[in-house]
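Below you'll find the structure, written out as structure tokens, and then a few comments.
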Amino acid sequence: MQAVIDRVQRRVDPDQRRSVTPHGLRHTTATHLLADAVDMDAVRRVLGHSDLSTLGRYRDELPGELEVAMRSHPLLRGRP
């Protein structure tokens, strides 16, 4: 994965490059999936986590937007 990232980075103007790592992509993917209200258990399985509570760190990345998505999740409706 790092080789693919490096190959893509070489095509980007040096002034526009950002630090990208496989772990960063994984973290960003999880955050966006949760923000889009993808089933939390599905996200947990994709990431290989054994417990839903470990998804809290991703939820905390986008407090406002993600809280709205989580309030609309069918399994979490009506919870504080």
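The values are calculated or read from the model by the stated rules, or taken from the named source; none is laboratory data. Predicted model, so just to flag it, every value in this text is computed and none were measured. With ideal geometry, Cβ positions are generated from the backbone for all residues, glycine too; neighbour counts draw on all protein chains shown. The area values use the complete protein model at the heavy-atom level, side chains included, leaving out ligands, DNA and RNA. Shrake-Rupley method; radii C 1.70, N 1.55, O 1.52, S 1.80 Å.
Side notes on the structure shown:
- Enumeration of residues in the stretch 25-39 that are open to solvent by less than 80 Å² (accessible area, probe 1.4 Å) and not in a helix (DSSP H, G or I): Ala37, Val38, Asp39
- Residue tally, condition open to solvent by 60 Å² or more (accessible area, probe 1.4 Å), polar (S, T, N, Q) and either in a helix (DSSP H, G or I) or at pLDDT below 80 (or both), over the stretch 40-58: 1
- Candidates Pro14, Pro22: the one that is surrounded by 11 or more Cβ atoms within 10 Å (Cβ to Cβ) and at pLDDT 85 or above is Pro22.
- Close Cβ contacts (under 7 Å, 6 or more residues apart or on different chains) running from residues in the stretch 20-40 that are under 19 Å from Arg7 (Cβ atoms) to residues that are open to solvent by 60 Å² or more (accessible area, probe 1.4 Å) comprise Pro22/Met1; Pro22/Gln2.
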